[in-house]
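Nothing in this text is a laboratory measurement; each read-out follows from the coordinates by a stated rule. Note that the coordinates shown come from a computational prediction; the quantities given were computed from them, not determined experimentally. Neighbour counts are summed over all protein chains in view; Cβ atoms, including those assigned to glycine, are modelled from backbone coordinates with ideal geometry.
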Amino acid sequence: MLTATFDIGTTAVKAVVVCDDGTVRFSASEGIATLTDGEFREQAPDDWYRAFIAISEKIFERIPAEEIEAVVFSGQMQDMIPVDADGNAVRNAILYSDGRAGEEAERIMRTVGERKTAGTGTAGGRTPENSPEALAAAGEAEIARITGNHFDGSMPLPKILWYKEHEPENYAKTAKILISSKDYILGKLTGRFVGDVTACSTAGAMELATKRWSPELIAAAGLDADKFSEILYAHELVGTVSEKASEQTGYTTATRVYAGTGDAGATTLASGILSEGEYNINLGTSGWVAAVSEGCMESAGGGFNLAAMQPGKYINVVPFFNGGNVHKFVAGALSAKGGEADYSYISEILKGTEPGSGGVFFLPYLVGERFPIVDAKVRGTYFGIGQETTAGELARSALEGVAYSIRQGMELMGAPAKKVTVIGGGAREEAWCRILGGVMGQDIIVYKDPDLLPALAIAAAVFMAEGLIKDYGEFIDGLTAQGHCTVCPQEPGAKAVYDGLYEKYKTIYPTVKGFYGSR
């Protein structure tokens, strides 16, 4: 069967038509504009729908509409998208990156804190225990217990409160508030207002354990519970294309529409991890480590938790400020091109270097860090440079420093690593993948085709629902069989070297943090 997959992203709507054997029949994209004004970040939901229709028209130039049996979506998360009873946007969507609702978030935290401390003996007269700061802290802890995440003004819940108070007429016209861009298209196609468990995890209002909206948090915000959408898993059927939507889009009324997932759900599945002890490292400009587990990790320090595409599982994510930026730094600092990053030169000088970089260490916190340590003041630092130190050792020690930092973060996440996958631009540096393998003590599985794999992941939700594959594990096995990943073996003997050096690395930050004014 053919499934049309769409990602409703921040900069573009992307489509890939996938056959059930994993082959791609069509791909295209349409750009999306973002409206900015200070901290405000908005998009017009009808721009998403128009882009969806424009791409669909291109699909039908190549593939008859009746051959597209299903449609499924991924999309940006943590949005605030109000729609009326007919599924039309009441106003622009307020995006995840919009920072307008900080004051509202503080008020919600204080209210939750007041309700939490009521009856505990701390309510009543002004005491340190019921000061505004203490109540906010108590509320934040309670919200973290319910949602599995920290709470701030970027979350949809305080943005909805902002919306209610600043635009009461629009709020009164609002039937439902959606959390992901894809949910707007789902409503247009089927007339049903739904969200998925992964995207709704970012709303600041979902009970992560039950996958239901929290009456406690919605009431604390003074909002209407009936304005929140139904929550489904990615593989659940939303409905078929309505007659009205069929006329607008060209899909037949027999086309099945599935719930899909927020983009983090698709990216995680596409990175090849499914169970505890499996980790994915994303080496973008910054970076993150994602794991799939059966429970939540502590959200302090910037980590967060999402419901995974598969029932009963959670995505645990810790973000790092420093990743590919360190690679770029050494590619520029050591370049003969006047500071311009020369990655091919770095690849060349890394050849012949040995684990441990001749005794040189690099603390990789170029822009401060938020995990595994939280320190905005610390900066990158070299140790152990001598007259004999080579450019290759300077480069290698920098990449080793990032690998040590990632290992430290993974250890804080809990389960020992039994599988490590890597995606992102940094994964193209083969030497870095070998370094990661030695530091982690694992062969590294490098996933390619980053623009394609999330589309295949959401298509897998459809194929599972349709009985074409038994589970997501079969999908991941298929990625290997189809050549979407390669194995980068760890260097012989590297783990023994790195284990000792890693223990030394962990002493560096406590030694230098005072130099940077950190406590």
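Points to keep in mind about this one:
- Note on S405, S357: ascending count of other Cβ atoms within 10 Å places them as S357, S405, the fewest first.
- Taking the average, over residues, of other Cβ atoms within 10 Å as the packing measure, peptides 272-279, 147-154, 457-464 rank 457-464, 147-154, 272-279 from highest down.
- Simple point charges give the picture: +1 on the Cβ of Lys and Arg, -1 on the Cβ of Asp and Glu, and for the chain a dipole about the Cα centre of about 980 debye.
- Among S131, S242, sorting on how many other beta-carbon atoms sit within 10 Å of each Cβ, with the fewest leading, yields S131, S242.
- Across the range 180-187, computed HN-Hα scalar couplings (Karplus, 6.51 cos²θ - 1.76 cosθ + 1.60, θ = phi - 60°) run 10, 4, 5, 5, 5, 5, 4, x Hz from first to last residue, x flagging Gly and Pro.
- Only one residue of I508, G483, Y498 has its Cα farthest out toward the positive end of the dipole of the range 467-519, where Lys and Arg carry +1 and Asp and Glu -1 on Cβ, and that residue is I508.
- Ratio of the Cα radius of gyration of the range 239-386 to 2.2 N^0.38 Å, where N counts its residues: 1.49
- Enclosed volume per residue, in Å³, of the convex hull spanned by Cα atoms of the range 260-335: 97 Å³
- Subtracting the Cα-Cα distance of V367 and A141 from 0.36 nm times their residue separation leaves 78.6 nm of extension gain.
- Size of charge dipole - the range 129-178 - debye, nearest 20, with Cβ of Lys, Arg +1 and Asp, Glu -1, no other charges: 360 debye
- For the chain, the cysteines with no partner cysteine C-beta closer than 4.7 Å are C19, C200, C296, C485.
- Take the Cα of K377, go 7 Å toward its beta carbon, and the backbone nitrogen atoms of the range 480-519 under 16 Å from that spot belong to 509-519.
- For the range 408-519, the spherically averaged projection of the C-alpha convex hull amounts to 9.9 nm².
- Dipole axis of the chain (+1 Lys, Arg; -1 Asp, Glu on Cβ), positive-most option in S347, G295, Y314: S347
- Mean Cβ neighbour count within 10 Å, used as a protection proxy, ranking 197-208, 374-385 highest first: 197-208, 374-385
- Think of the chain as a dipole: +1 on every Lys or Arg Cβ, -1 on every Asp or Glu Cβ, centred on the Cα centre; then among G204, G187, S335, S335 lies furthest on the positive end.
- For Q490, the amide hydrogen comes within under 5 Å of the amide hydrogens of D443, I444, counting only partners 5 or more places away or on other chains and with H modelled in the peptide plane.
- Hypothetical label at T253: residues of the range 177-207 whose amide nitrogen lies under 19 Å (7 Å Cα-Cβ projection): 187-192
- Taking only the alpha carbons of the chain, we obtain Rg and Dmax values of 24.3, 75 Å in that order.
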